[in-house]
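See structure below.
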Amino acid sequence: MPSRNSSPKKNEPRRAATVERLQSTGDQARSRGAPGTFLKGVSRIAKKLMLAYQLGWRADDSRWKAVCAARQTGKDFTHMDEAVCLANVIDKTDVLVAAPSERQSLETLQKAKEWTEAYEMEIADIQEDRDAPGALIKSSIITYPNGSRIIAVPGRPDTVRGFCAHLFATEFAFFDDPAATWKAVLPSVTNPLKGLKCVRLYSTPNGKSGQGQKFYEIIDQNLLNPVPGRKQRWSCHLTTIFDAVKQGLKIDIEEIREAMDDEEGFAQEFNCEFLDGSNVLLPYDLIALAESAEATEFCEPSRWTSRASSPIYLGIDFGRSNDPTVCWAVESIGGIFWTREVLVLKGMSSPQQQEILSARIRQATRVCFDYTGPGIGLGDYLVRPEAGHGEFDPAKHKLGKIELCTFTLGFKREIFPKLRRAFEGPTKLRIPVSVAVREDLHAMAQIVRNGEYNYAAPRTAEGHSDRCTALALAVRAAGSEAPFHFQSIKNFTRGGTKEDRFNRRVIA
């Protein structure tokens, strides 16, 4: 991306004024420019913009700092102020921003850009590093005129290794493997030859085991149940949604609780209680095994007007208002299931969706349809005899093409482990190289609560892993195809009665 600042020297007086403003009225930097230093104090602008609890996090200048806070309390907003100040007050310093996913790392970097604008600072350059268009991002970098950089990366061992930088890890408990990532980055932040660096781990709880274990141990051993005699002492903060509201956050807690309709989920994500555990269903490395440039996310509508030469299987996750409908189509060729389309329908009425989906269903060999909530009505309509598709339910001797799938806990425990196995090598799946697809698949997690496990994903503006659910249904559809064979009833003989002879059955 081209530079946003044509002349660093020209802007030096402006930058000097900004630094002076940051350092004024007791907001001092420790030995500006000296290696291994970091900021002390909060700027006047930040004091005006932050709530009381955010100022408490921000004013803590401890080297090792962990913030356990509820969702939507401004964790990135607060910490990116410190990141931007570090980069602009201390020359030629790097700040590494790591997040669980590509989407989150870029969103966090956007907060840094907003603080840069608030301080009227200049940006010398913005760069994005990918191996190929649509591939997983390696890094996105803001470079300032003084040579400092803010580097955003997905939080994985291979992306954080090798950086000697101040570390800001957002939603640390949701990294693919926080313990391995921590081992990879720790030597870089503790190397005395390049100066000591500050570490900021901030996250919503994600259980006591699995992904969330490392973050839980830090909070537990330094705040909840302090362990005496530790050489590494973390300064820990815990802010529930109730704490945030008392200190100025304007939200309706009961409205959130009612909308969530999950007391245990609310307890963890908003009241900062550590439940049992959580693990991502499809890590990036596993998704990469199935990515192929020959798999397609979009296709021409004409594809669905002529009969396919190979079997087509569909998984349809139905949505009406809050979430989109996703229809994932795979084609079976030589034992490999190639993605041919990931159709996303948003803001459409059920009749409109029915018309679009019916063209695809007609060409499919088998379809698994989300028969839950709003999907019940359309599902009933699609399996009517006059629709010509028929229902697939061998237990009821129905041998059409559409299986109506109700998303019970047991059903989710069946389809999502099978989806993961489909990705494991040697994978028989091929999916498109797409940021939207990759991020959607990566968001689905196995959540353990009170010894019971479930599968869920955080709800975003794009939905809640609707593509992942549609693909799980497509994999089920592809696996439900079974050969037909004839079998006689027990004791059937050529010389039996008419009733005996008639009683031959087709067994699926």
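Select from segment 407-455 the residues that are touching an Asp or Glu at 6+ places or on another chain (Cβ under 8 Å) and among the small types (Gly, Ala, Ser) and write down the one among them that is farthest from ALA267 (Cα to Cα).
Per the criteria, the residue is SER434.
For segment 355-413, give me each residue that is surrounded by 15 or more Cβ atoms within 10 Å (Cβ to Cβ) and polar (S, T, N, Q).
Scanning segment 355-413 gives SER358, GLN363, THR365, THR372.
Taking the stated definitions as given, is PHE318 aromatic (Phe, Trp, Tyr), surrounded by fewer than 24 Cβ atoms within 10 Å (Cβ to Cβ) and touching an Asp or Glu at 6+ places or on another chain (Cβ under 7 Å)?
No: the conditions fail for PHE318.
Go through segment 263-278 and give me each residue that's free of Cβ contacts under 8 Å to residues at least 12 places away in the same chain and among the hydrophobic types (A, V, I, L, M, F, W, C).
Correct list: PHE266, ALA267.
Consider GLN352 against the criteria (1) of a type in the set (S, T, N, Q); (2) under 27 Å from LEU378 (Cα atoms); (3) under 18 Å from the mean Cα position of the chain (by Cα): it satisfies all of them except one. Which criterion is unmet?
Condition not satisfied by GLN352: (3).
Which one of the conditions (1) of a type in the set (Asp, Glu); (2) farther than 30 Å from PRO154 by Cβ; (3) in a helix (DSSP H, G or I) does GLU403 fail to meet, given that it meets all the rest?
It fails just one condition, (3).
What residue, of ILE376, ILE415, is closer than 17 Å to CYS327 by Cβ and assigned to a helix (DSSP H, G or I)? Outline the logic, then answer.
Working: ILE376 fails: closer than 17 Å to CYS327 by Cβ.
Step by step, each of ILE376, ILE415 is checked, and only ILE415 is closer than 17 Å to CYS327 by Cβ and assigned to a helix (DSSP H, G or I).
Could you grab me the full set of residues in segment 256-274 that are in contact with a strand residue (DSSP E or B) (Cβ under 6 Å, 6 or more places away or on another chain), open to solvent by less than 50 Å² (accessible area, probe 1.4 Å) and part of a helix (DSSP H, G or I)?
None; the set is empty.
Restricting the search to segment 423-439, which residues are in a helix (DSSP H, G or I), farther than 20 Å from ASP177 by Cβ and open to solvent by less than 20 Å² (accessible area, probe 1.4 Å)? Working first, answer last.
Residues of segment 423-439 that are in a helix (DSSP H, G or I), as a first pass: 423, 435-439.
With the extra rule that they be farther than 20 Å from ASP177 by Cβ, the set shrinks to 435-437.
Listed by number, the list holds a single entry, VAL437.
Just to confirm my filter: which strands (runs of 3 or more DSSP E) fall fully inside segment 108-167 and include at least 3 residues that are of a type in the set (D, E, K, R) and under 23 Å from the mean Cα position of the chain (by Cα)?
On the way: elements: 125-130, 137-143, 149-154.
Filter on segment 108-167 gives 125-130.
Among the listed residues SER278, SER309, SER302, identify the single one that is assigned to a helix (DSSP H, G or I) and at pLDDT below 90.
Numbers: SER278 fails: assigned to a helix (DSSP H, G or I); SER309 fails: assigned to a helix (DSSP H, G or I).
Only one candidate qualifies: SER302.
Within segment 236-247, work out how many residues are in a loop (DSSP other than H, G, I, E, B) and open to solvent by 30 Å² or more (accessible area, probe 1.4 Å). Break it down into steps so the answer makes sense when it comes.
Our first condition is that a residue be in a loop (DSSP other than H, G, I, E, B); within segment 236-247, this holds for 240, 247.
In the following step, the residues that additionally are open to solvent by 30 Å² or more (accessible area, probe 1.4 Å) were identified as 247.
Counting residues in segment 236-247 that are in a loop (DSSP other than H, G, I, E, B) and open to solvent by 30 Å² or more (accessible area, probe 1.4 Å) gives 1.
Across segment 65-105, what is the total count of residues that are among the aliphatic types (A, V, I, L, M) and assigned to a helix (DSSP H, G or I)?
Total satisfying the criteria: 6.
Being of a type in the set (Lys, Arg) and out of contact with any Lys or Arg (no Cβ under 6 Å at 6 or more places or on another chain) is the filter here; which residues of segment 172-204 pass it? Steps first, answer last, please.
In the first step, residues of segment 172-204 are kept if they are of a type in the set (Lys, Arg); the result is 183, 194, 197, 200.
LYS183, LYS194, LYS197 - these are the residues of segment 172-204 that are of a type in the set (Lys, Arg) and out of contact with any Lys or Arg (no Cβ under 6 Å at 6 or more places or on another chain).
Residue by residue through segment 171-194, note down the ones that are farther than 21 Å from TRP57 by Cα and open to solvent by less than 10 Å² (accessible area, probe 1.4 Å). Outline the logic, then answer.
Taking segment 171-194 and keeping what is farther than 21 Å from TRP57 by Cα, we get 175-188, 190-194.
Within segment 171-194, PHE175, PRO178, THR181, ALA184, VAL185 qualify.
Of the residues that sit in segment 196-234 and are open to solvent by less than 10 Å² (accessible area, probe 1.4 Å), outside any helix (DSSP H, G or I) and among the β-branched types (Val, Ile, Thr), which one is nearest to ALA443 (Cα to Cα)?
It comes out as THR204.
Scanning segment 66-111 for residues that are farther than 21 Å from ALA436 by Cα and among the small types (Gly, Ala, Ser), which turns out surrounded by the fewest Cβ atoms within 10 Å (Cβ to Cβ)?
Per the criteria, the residue is GLY74.
State all residues of segment 350-373 that are in a helix (DSSP H, G or I), charged (D, E, K, R) and touching a residue at least 40 places away in the same chain (Cβ under 8 Å); if no residue qualifies, say none. Step through it out loud before you land on a result.
The initial filter retains those residues of segment 350-373 that are in a helix (DSSP H, G or I), namely 350-363.
From the residues that got through so far, the ones that are charged (D, E, K, R) too are 355, 360, 362.
ARG360, ARG362 - these are the residues of segment 350-373 that are in a helix (DSSP H, G or I), charged (D, E, K, R) and touching a residue at least 40 places away in the same chain (Cβ under 8 Å).
What is the one condition in (1) open to solvent by 60 Å² or more (accessible area, probe 1.4 Å); (2) among the β-branched types (Val, Ile, Thr); (3) free of Cβ contacts under 8 Å to residues at least 12 places away in the same chain that ILE251 does not satisfy?
All conditions pass for ILE251, except number (3).
For ALA66, are the conditions met, namely being out of contact with any strand residue (DSSP E or B) (no Cβ under 9 Å at 6 or more places or on another chain), under 28 Å from GLN221 (Cβ atoms) and at pLDDT 90 or above? Break it down stepwise before answering.
On the way: out of contact with any strand residue (DSSP E or B) (no Cβ under 9 Å at 6 or more places or on another chain): no; under 28 Å from GLN221 (Cβ atoms): yes; at pLDDT 90 or above: yes.
Criteria not met by ALA66.
The values are calculated or read from the model by the stated rules, or taken from the named source; none is laboratory data. Given the structure is predicted, the values throughout are model-derived calculations rather than measurements. Here the Cβ is made from the backbone with ideal geometry for all residues, glycine too, and neighbour counts use every protein chain on show. Each accessible area value is taken on the protein alone, full model and side chains, heavy atoms only, with ligands, DNA and RNA left out. Shrake-Rupley method; radii C 1.70, N 1.55, O 1.52, S 1.80 Å.
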